[in-house]
Amino acid sequence: MCGIYGYVTQTGSIDGKLFSRMGQAIRHRGPDDEDEVTLETEGLSVGLGHKRLSILDLSPAGRQPMTNEDETIWITLNGEIYNFKELTKELKARGHQFRSNCDTEVVIHLYEELGLKCLDRISGMFAFALWDSKQKILFLARDRVGKKPLHYSIVNGGMYFASEIKALIRHPMIERTLDLTALSKYLAFEYVPAPHTIFKSIKKLEPGHYLVYRNGEMVSSAYWDVPM
């Protein structure tokens, strides 16, 4: 289990202290290592954070957020990519350079090859956020059956995300108004079905879905469903 968090805003720079407080809220998810990166891209400020539970490649090379060779793509990922060895071999044959033995890095290079279609090739349990600075895209994705959690909120044109709600509500932009419809579902089912959460301003990314945020707008789509 690891923890991911971050946000993209069009109004000012990333507040470092505030950003770190978001991460501290989910420190229990990754006690072995941690890091944050902040980026400025033509009027956009981006922050990506990671709390690491080290499983593969225990060296500093496996630290996240992780980037590609020219630092145009960054990723923070929670989970495990089961077929990463097969994909790594294939991508190396196509000329991609790997800096680590970590399964996270394969997602970066697969995205370079296939874009959003990279999800069709990935087998595993995961939730990740990938920032593409060339296209100015924040790409969020969750595994097919939703083993790894991912929550998000869109406020004033900004996109905020985290593994757990407690990280999101550390940011003052995120309102804490209860969703009474979601509350009634919780009382009936003892959980809140996705994409809703107990708060009106926060949603869950549904299993087998991805989300793309660009220019203050969001598009979400399913990439997988149970075969009928």
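The values are calculated or read from the model by the stated rules, or taken from the named source; none is laboratory data. Quick caveat: nothing in here was measured; it's all calculated off a predicted structure. Backbone-built Cβ (ideal geometry, glycine too); neighbour counts: all protein chains shown. Note: accessible area is taken over every heavy atom of the protein model, side chains too, but ligands, DNA and RNA are not part of it. Shrake-Rupley method; radii C 1.70, N 1.55, O 1.52, S 1.80 Å.
Tabulated results
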quantity: All strands (runs of 3 or more DSSP E) inside region 129-228 with 2 or more residues being closer than 29 Å to Thr38 by Cα and open to solvent by 50 Å² or more (accessible area, probe 1.4 Å); calculated: 217-222
quantity: Condition broken by Arg121, with the remaining ones in (1) touching a residue at least 40 places away in the same chain (Cβ under 8 Å); (2) in contact with a helix residue (DSSP H, G or I) (Cβ under 8 Å, 6 or more places away or on another chain) satisfied; calculated: (1)
quantity: Options Ala162, Ala188, Ala222: the member that is over 20 Å from the mean Cα position of the chain (by Cα) and either within 26 Å of Phe19 (Cα to Cα) or at pLDDT 95 or above (or both); calculated: Ala188
quantity: Some residue of region 6-17 being open to solvent by 30 Å² or more (accessible area, probe 1.4 Å), free of Cβ contacts under 8 Å to residues at least 24 places away in the same chain and either within 21 Å of Leu140 (Cβ to Cβ) or not in a loop (DSSP other than H, G, I, E, B) (or both); calculated: yes
quantity: Extreme residue, modelled with the highest pLDDT, among residues of region 36-57 that are touching a Cys at 6+ places or on another chain (Cβ under 7 Å) and surrounded by 18 or more Cβ atoms within 10 Å (Cβ to Cβ); calculated: His50
quantity: Looking only at region 81-106, and only at residues there that are free of Cβ contacts under 8 Å to residues at least 24 places away in the same chain and part of a loop (DSSP other than H, G, I, E, B), the one that is farthest from Thr67 (Cα to Cα); calculated: Arg94
